[in-house]
Every structure is written in structure tokens, then in C-alpha cells.
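The values are calculated or read from the model by the stated rules, or taken from the named source; none is laboratory data. Just so it is clear, the structure is predicted and the values come from calculations on it, not from any experiment. FYI the Cβ positions are ideal-geometry reconstructions off the backbone, even for glycines, and counts take in every protein chain you see. Note: areas computed on protein heavy atoms with side chains; ligands, DNA, RNA excluded. Shrake-Rupley method; radii C 1.70, N 1.55, O 1.52, S 1.80 Å.
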Amino acid sequence: MVVSQWELDKILKEVWESGVILAGLSTGSICWFEQGVTDSLPGELTVLPCLGWLQRSNCPHYDGELERRPAYHRLLSAGKISDGYAADDGVALHFIENRLEPIFSSRPYAKAYRLQRMEDGIQETPLETVYLGAGLAKN
């Protein structure tokens, strides 16, 4: 893996531990978690092992790609991915250390969700999301 070969993972971890804010969209979002739902590999949506700095799993594009939600549910049901978080397009999951802080959205109805595998299926819990455009004056 190129990341390990160049030790970029070690460099990023050192930067993160020094307090620098790290961010990313899509794969740049899932990379910080233990696992993520990806279309980066040929075939159907699948699990990608990630850096593991944030606990659990992550699924971006939850409302932006038709197959994302059912794929995440299927992978959770099969025990192929750990419980985690899903984010609609335009939503930022904000973590300080391993603690989920306020979640922000650039879209008025976009949300984030906590997903857990339960005995009777998948529990999908909407999380409070702060719309960044709230209160802006309309012209």
C-alpha cells in the first residue's frame, strides 16, 4: 500500500495528534474511520478497511447515490461492517478526538445518521444536524 510505503499514514497521524484539523469528502471522509462503504473497488459497494483513528464505520453519499443506503444496511446485517455513521451529501461529521460534536450541513434537509445492527434488523437514528444557512436573510 502506497500510504504505508511512503509513511503518509504516520505523518498524518502525527499532524492529527498535534491538533491540526483533518477533513475530507467521500473516501476522504471514510479514511479516518475503522471501516467505510466504498465504490472505489470494482463491483458492488463494499467495505474498505481504513486508518481506524475514529471508531466505527462511515458511509458517505447516503442520500446522493441510490445504492448507498441499502448497501450499508446489507453490510451491517451480514456483520461485514461495524456499526457507524452515514452522512447525506453536504453533511460534515465533526469529531474532536473520538467524540462526535455538532454535525453541520450545507443543505437545508440533509442529515446524518447513527446505524446499529440489532437482533431484529438495522436501527437507523437521525442525528441533530445544524444547517449552516439557517437565519440567512432572503433577497
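Things to note:
- The C-beta contact set for the stretch 87-110 (first residue on the phi > 0 side of the Ramachandran plot, second residue of a type in the set (Gly, Ala, Ser) and assigned to a loop (DSSP other than H, G, I, E, B), distance under 9 angstrom, 6+ apart or interchain) comprises Gly90/Gly64; Gly90/Ser106; Gly90/Ala110.
- Residue match in the stretch 89-96 (condition: under 29 Å from Lys10 (Cβ atoms), aromatic (Phe, Trp, Tyr) and either within 10 Å of the chain's Cα centre (by Cα) or open to solvent by 70 Å² or more (accessible area, probe 1.4 Å) (or both)): no
- Residue match in the stretch 117-126 (condition: open to solvent by less than 50 Å² (accessible area, probe 1.4 Å), touching a His at 6+ places or on another chain (Cβ under 9 Å), more than 15 Å from Ser26 (Cα to Cα) and hydrophobic (A, V, I, L, M, F, W, C)): yes
- Against the numbered list (1) free of Cβ contacts under 8 Å to residues at least 12 places away in the same chain; (2) not in a loop (DSSP other than H, G, I, E, B), Ser29 comes up short only at (1).
- Residue in the stretch 97-112 that is most open to solvent (accessible area, probe 1.4 Å), counting only those that are more than 14 Å from the chain's Cα centre (by Cα) and hydroxyl-bearing (Ser, Thr, Tyr): Tyr109
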